[in-house]
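Undergrad: Structure incoming, see below.
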Amino acid sequence: MARITVTVNGADHTDEVEPRLLLAHYLRDKLRLTGTHIGCDTTNCGACTVLCDGLPVKSCTMFAVQADGREIITVEGLATGGQLQPIQQGFKEEHGLQCGFCTPGMMVAATALLERNPDPSEEEIRWALSGNVCRCTGYVNIVKAVRWAAQAMQEQAAPEEPATRQPATEQAATR
Amino acid sequence: MFPAAFDYRSPAALEDVLDSLAAYGDEAKVLAGGMSLIPMMKLRFASPEVLVDLGRVPGLDAVQETPDGLRIGALVRHAELEASELLRQRYPVMAAAAPLIADPLVRNRGTLVGSLAHADPAGDWGSVMLALNAEVVARSTAGQRVIPVREFFTGPFSTVLQPTEVAVEVRVPRPSSRSGGTYLKLERKVGDFATVGVAAHLELDNERIGRAGLALTAVGGHNVVAAEAEEVLAGAEPGPEVFAEAAEAAARAADPPSDVRGSADYKRQVVRTYVRRGLARSLELAQAA
Amino acid sequence: MTTTMPGPEIHGLGHSMKRKEDDRFVRGRGTYIEDVVLPRMLHMALLRSPLAHARIASIDPSAAAELPGVVAVVTGADLAAHNLAWMPTLSGDTQAVLATDKVRFQGQEVAAVVAEDPYVARDALELIEVDYEELPAVVDPHAALRPAAPVIRDDKEGQDTNLAYTWEAGDKAAADAAFAQADVVVSLDTHYPRCHPSPMETCGCVADVNAATGKATIYMTSQAPHAHRTLFAMVAGLPEQNIQIKTVDIGGGFGNKVPIYPGYVVATAASLLLDRPVKWIEDRTENLISTGFARDYHMHGELALNRDGRMLGLRVSMVSDQGAFFADAQPSKCRAGLFHIVTGSYDLTAAHVTGRGAYTNKAPGGVAYRCSFRVTEASFLIERLVQNAAYELGIDPAELRRLNFIRPEQFPYQSATGFLYDSGNYPAALQKALDAVGYDELRREQAEGRAQGKLMGIGIASFTEVVGAGPHKDYDIAGIKMFDSAELRVHPTGKAILKIGVQTQGQGHETTFAQIVANELRIPAEDVLVQYGDTDNTPYGLGTYASRSTPTAGAATAVVSRKLLDKGRKIAAHVLECSPDDLEWQSGRFVVKGTPEQAVTIQDVAFAAYTNHPDDLEAGLEGVTYYDPPNMTYPFGTYVVVVDVDPETGVWTVRRAVAVDDCGVRINPMIVEGQLHGGLAEGYGIAAMQLITFDEQGNCIGSNFMDYLLPTSWETPRFETYAMETPSPHHPLGAKGVGESATVGSPAAYVNAVIDALTHLGVRNIDMPVTSAKVWQAIQQASP
């Protein structure tokens, strides 16, 4: 067993864990944060995406011991004080989810994208989310959801400038 | 899904890593990004008794440029290379390859050095490093050795590294100022291994080709240098004719398996096409440099 | 029917209401099967066969049983002692729960470990010793049907071949007569390959059989919980009232969660034997190699036409690869599902279709992957045939379709294979798609490009689906008729609870079904709670698959709402002291005719139903409806895909993907669009990359997401969607069902586009998945 201390969604957790325990299982089974889902065995689907020191990573492909001393944000850590973050609101507004299973990973990856690039194009969104698989939406509305969030965040950041928000429900641009 | 049990070592000094490897030999595996090793452990294709994690070893996470070239530590992630302005300016073959490695999330964890040490014949970095004539720095309790990448790979998932050794750095020689390169990869989707990959690197010497580096992914037991093609190019006047000749020579160097991705003939055809296109693009970049 | 657009606060038909279920999902607070944790719960893992065909000489579980943390090891022999080693399939065959005699496919369930910890359960699997005597694997269905082939199902009395079924539809003599008159016969041999639905969540369950109460509560990933409860009762011999299936949130289904899998049965048996809850969660490899695959039809089609392009007849013969057990999830009378929709959108008066199913050493399944029972294979075949016929005749593919469409005035239309199409307007859908894509201009560009060696193709598919099974006289699953149900109670404060027999897996039932109630009763959809997926607390229904929720349970919801409205009228009359005939229903209020100030709202009526009901009526405002649809519904549309092909590598990329869909009246257009996007993406995946295949030894290639490829946001085309609304004349809302249209219709459009790019070279077919390697090969063979 190994002793680890991990900061998860702002709270420190110290636990004795088997070295082989995957971070995803630690979050789900030990901390009961079940919003992080597991969709494959081979690091392909991204359902388990969390932020590790700010970077989106697949928590099924990290051992919990590797997270010792690191800061993890899961989907449960996106909303603050019960208030949905723009990315969560965007997924709802633009119907960016159906079964909801890929959604936490998708939103976490999108959160990291907007952190790095507050105004991403459709191409940039599609590229950034290409490590996360969705089987329901065909990605169209996920792209719209991220655009919705980007615009909402820009408006929040510059409230003095009431930007006229383009309706994000426009047909996806054809290439 | 659920890896077998193992002992975990996470030393804070490289010396302790080396001691562990000396003690456990091939019962141990080195963990850096873990993007290949952990999935294999989950599928129980790999069940090492000891895992030695480099994660806490200081000094391995830097990309440094010296007058001789680049030094890339064993903990430098693909994503860092993808974002590097330096690579875009002076090492375009690396800049072209980085975004094509796996997927964006894997690139946040996986490392270049780890990818070389894993020696998947369908790995992308191997070809890039071959084209650039890079070297791997290996350490063990016995000391350090510097291994040319062209002597590094010995077969599928196998290298000249000893079980007691760990690759700590890759050194990439600095290309001449008038050079260009690119990496072309045929993949079936994002995150797929290459069906075929071609790393091309050209250095211009006056209006002729100086050194040319050309290496191929997923067409043999390991990443291979298209040596005959490099010879065709060296000293030649760059242009479609010599590129076509090099493409034919490169296709001869390819010995790909026929599988669900395509027949051997098909893969050789992609090699041919990508070598031509890769060299043309490399030339453009070199001439613009 | 008339539909007045209600105000936004009601969210009735036609409103893109935001989904009620989303709040929990975007917070990571959904409850999926793996999230279910019960006190004293154990974890089960299954040992699976590494071989495709082998006799089991012995199984030694002793070392596994001794591993600390292991509670039990279960083998087929243990189950046989309880008569549970075999179970029935949804197609009337039998399937091994845990193998006792032979293994018949790679990945078949051989033994189970139950342990305190899931990691330990996997450790123990490695300690089970199984001695296999390998047998020759039969992987080709045509070879399987030859007389000399080894018999896979030697467990079945009288089964001395690998023939699983035979089936036919249509009129052979009529079809042969049509072919005798034909100027041109176009034929096509194509394999619609085996693929897998692969919802993001795999299958699993938590079985909790409580010895103290005798109650079996089974949390499971089920698209059909009520049917599963009945089947559990029949298989396990448990009293049905003591079985409760709870589905919790389901992370996608697409047909994969319709069958009952051995894992569910073993977990339930283990829980019964151990008197502790047992959790079984598949990993992805298990999901891909053992649970319901889809398609795998080898089809031969022939289309007879006269020289000016008039279609005269269709003949189809096909062989389906069923794997080791015939476990298609489909109505019991339909051995090849609804494949006889193969006449498609065309006025084909003569058709004859035959099929044979072959047992092979592959996983069983044959689920309707986002498809109404083999409609996908049929639609693909006819749309590919029509495209090739156009090339043969030198007629534009759009024009050939237009020439042969069933005309709008021909509905209801009796097809040559026995369907009565309810409504449609095929020429309008085609035209709308052609206009949207700029068809004529693209054809000009194509002609000019060809002269310069450029390869661009335009693929069309004008599909017709048959969904919403179904009328009880024709359709049942394991004998249970395919009606569906809705139970509605309006509470005194005017808030309602609707319980339905269908099961969402992401389709948004909590929203859509609330909107139906809102539309009928003018109670805001926000005030309607929709419940499903708990068999003790919802009316009996057959579940969600085959695009049947809206056609069946959606209709039931409208009907039960109307029943309540009828009762409400009487209550309103009582309150207003007038005759029910004096009342007018005006958007949420009963108004006394001629005195508009005398009125009660639906909320007033609900309150009165519990506080002031008339003497001659029962109290309450509640009802249940079991809806038996008079016919199926026939959604349709036209998809146009434009691709560019790299002649040197065969790599093809989608430039445009235009979809015109008509699923009748759209209850929530936003949700309908979302369903179409998903189907278009899965159609692309199937056309381009999703493949489960096998080597000669029967080893599965495609056993994880490195080999079984699912498209990401990057490859997936950018879809352009357009709507048409031709109401179903028999559905109470005019709706038809939409979840599968795009998966059914779009694969042919993608493939037709690639073929169209190469047709001038003489290329007429490339089987799916259309890989770049196959495209290059076709170019080489066409122009040596």
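Undergrad: Say each of C:CYS578 and C:GLN431 gets a label point 7 Å from the Cα, pointing the same way as Cα to Cβ; how far apart are those two points in nm?
TA: Spacing of the two 7 Å Cα→Cβ label points: 4.7 nm.
Undergrad: HN-Hα J couplings of the stretch C:60-69 from phi, Karplus 6.51/-1.76/1.60, θ = phi - 60°, integer Hz, Gly and Pro as x?
TA: Per residue, the Karplus-derived 3J(HN,Hα) values read 10, x, 5, 5, 5, 5, 7, 5, x, x Hz.
Undergrad: Same structure, new question: Counting only other chains, what is the mean number of Cβ atoms within 10 angstrom of the Cβ of each residue in peptide A:123-132?
TA: 6
Undergrad: I've got another one for you. Using the Kyte-Doolittle scale, find the helices of chain C whose mean hydropathy is at least 0.0 and whose Cα atoms extend 24 Å or more along the helix's long axis, counting only whole DSSP H runs.
TA: Span-like helices in chain C: C:375-393, C:555-576, C:669-688, C:741-758.
Undergrad: Also, quick follow-up: With 10 angstrom as the radius, rank C:CYS334, C:CYS663 by how many other C-beta atoms surround their C-beta, starting from the fewest.
TA: Ascending number of Cβ neighbours within 10 Å: C:CYS334, C:CYS663.
Undergrad: To continue, here is another question. Given H placed on each backbone N at 1.01 Å, which residues far from C:LEU691 in sequence or on other chains put an amide H within less than 5 Å of it?
TA: For C:LEU691, whose amide H was placed from the backbone, the distant partners under 5 Å are C:LEU709.
Undergrad: So, one more: I'd like the mean, over residues of B:189-199, of how many other protein chain beta carbons sit within 10 Å of each residue's own Cβ.
TA: So the per-residue partner count for this stretch is 5.
Undergrad: Counting only residues 5 or more places away or on other chains, whose amide H sits under 5 Å from the amide H of C:TYR132 once H atoms are built in the peptide plane?
TA: C:ALA57
Undergrad: If I model a spin label as a point 7 Å beyond the Cα along the Cα-Cβ vector, how far apart are those points for C:THR94 and C:ALA180 in nm?
TA: If labels sit at C:THR94 and C:ALA180, their model points lie 4.7 nm apart.
Undergrad: Still on this structure, I have one more. Determine which residues of the stretch B:107-151 fall in the zone a paramagnetic label at B:SER158 would reach in this model, i.e. backbone nitrogen under 15 Å from the point 7 Å along Cα→Cβ.
TA: Flagged as within label range: B:118-121.
Undergrad: If you take the square roots of the eigenvalues of the alpha-carbon gyration tensor of the stretch B:129-196 and sort them as a ≥ b ≥ c, do you get rounded (a/c under 1.5), prolate (a/b over b/c) or oblate?
TA: Verdict is oblate for the stretch B:129-196.
Undergrad: Calculate for chain B the 222 nm mean residue ellipticity that helices alone would give, adding -39,500 (n - 2.57) per DSSP H run of length 4 or more and normalising by residue count, nearest 500 deg cm²/dmol.
TA: Helix contribution divided over all residues of chain B: -9500 deg cm²/dmol.
Undergrad: Another one. Only counting other Cβ atoms within 10 Å, I'd like A:LYS30, B:LYS29, C:LYS473 sorted with the fewest neighbours first.
TA: Fewest to most other Cβ atoms nearby, the residues stand as C:LYS473, A:LYS30, B:LYS29.
Undergrad: Can you tell me, using C-alpha contacts under 8 Å and at least 6 residues apart, the relative contact order of chain C as a whole percent?
TA: Relative CO of chain C lands at 16 percent.
Undergrad: For the pairs A:LYS58/B:LYS42; C:LYS473/C:LYS567; A:LYS58/C:LYS20; C:LYS215/C:LYS279, note any where the Cα-Cα span goes beyond 19 Å.
TA: With Cα atoms farther than 19 Å apart: C:LYS473/C:LYS567; A:LYS58/C:LYS20.
Undergrad: Under 5 Å between amide H atoms, partner at least 5 residues away or on a different chain: which partners does C:GLY620 have, H built in plane at 1.01 Å?
TA: The list, which skips near neighbours in sequence, is C:TYR610.
Undergrad: Mind ranking C:543-552, C:695-704 by how tightly packed they are, going by the mean number of other C-beta atoms within 10 angstrom, highest first?
TA: Top to bottom by mean Cβ count within 10 Å: C:543-552, C:695-704.
Undergrad: Right, next: How much length, in nm to one decimal, is gained on full extension between C:HIS191 and C:ALA65, taken as 0.36 nm per residue of separation minus their Cα-Cα distance?
TA: 40.8 nm
Undergrad: Could you state the number of Å between the C-alpha centres of the stretch B:119-146 and the stretch C:309-366?
TA: When both Cα centres are located, 55 Å separates them.
Undergrad: Report ³J(HN,Hα) in whole Hz for each residue of the stretch C:338-347, in order, from the Karplus equation J = 6.51 cos²θ - 1.76 cosθ + 1.60 where θ = phi - 60°; Gly and Pro get x.
TA: Once rounded to whole Hz, the list reads 9, 4, 6, 6, 4, 6, x, 8, 10, 7.
Undergrad: Eigenvalues of the Cα gyration tensor times 5, then square-rooted: what semi-axes does that give for the protein assembly as shown, in whole angstrom, largest first?
TA: Ellipsoid semi-axes (Å, largest first): 49, 37, 33.
Undergrad: If r is the Cβ-Cβ distance from A:GLU16 to C:THR213 and R0 is 30 Å, what FRET efficiency results, to the nearest 0.05?
TA: According to the calculation, E is roughly 0.25.
Undergrad: If R₀ is 25 angstrom, what is the calculated FRET efficiency for the pair C:ALA80 and C:MET41, using the beta carbon separation as r and rounding to 0.05?
TA: The calculated FRET efficiency here is 0.40.
Undergrad: Hey, how many Å between the Cα centroid of the stretch B:92-116 and the Cα centroid of the stretch C:539-601?
TA: Their Cα centres are 62 Å away from one another.
Undergrad: Residues of the stretch C:305-320 with amide nitrogen under 16 Å from the 7 Å Cα-to-Cβ point of C:ALA173?
TA: Taking a point 7 Å out along Cα→Cβ of C:ALA173, no residue of the stretch C:305-320 has its backbone N under 16 Å.
Undergrad: Taking chain A as the reference, fit the longest principal axis to its C-alpha atoms, fit the long axis of helix A:140-157 to the helix C-alpha atoms, and give the angle between the two in degrees, 0 to 90, nearest 10.
TA: The two axes meet at around 80 degrees.
Undergrad: What lysines sit close enough to C:LYS570 to cross-link, taking a C-alpha to C-alpha distance under 23 Å and skipping anything fewer than 8 places away on the same chain?
TA: Cross-link targets: C:LYS495, C:LYS593.
Undergrad: Mark the label point 7 Å from the Cα of C:ASP474 along Cα→Cβ and return the residues of the stretch C:507-551 whose backbone N is within less than 17 Å of it.
TA: C:546-549, C:551
Undergrad: Fewest first, what order do C:TYR426, C:TYR439 take by the number of other Cβ atoms within 10 Å?
TA: Listing C:TYR426, C:TYR439 from fewest to most nearby Cβ atoms yields C:TYR439, C:TYR426.
Undergrad: Specify the angular offset, from 0 to 90 degrees and rounded to the nearest 10, of the alpha carbon long axis of helix A:103-116 from the longest principal axis of the alpha carbons in chain A.
TA: Taking the Cα atoms of chain A, the angle to A:103-116 is about 70 degrees.
Undergrad: Taking θ = phi - 60°, what integer Hz values does the Karplus form 6.51 cos²θ - 1.76 cosθ + 1.60 yield along the stretch C:103-115, in sequence order, with x for Gly and Pro?
TA: Residue by residue, the stretch C:103-115 yields 9, 10, 7, 5, x, 5, 6, 10, 7, 10, 10, 10, 9 Hz.
Undergrad: In peptide C:201-211, what is the residue-averaged number of other protein chain Cβ atoms found within 10 Å of each Cβ?
TA: Mean number of neighbouring Cβ atoms from other chains: 1.
Read the figures in this text as sums done on the coordinates, not as results from a lab. Since this is a predicted model, take the numbers as computed values, not measurements. Backbone-built Cβ (ideal geometry, glycine too); neighbour counts: all protein chains shown.
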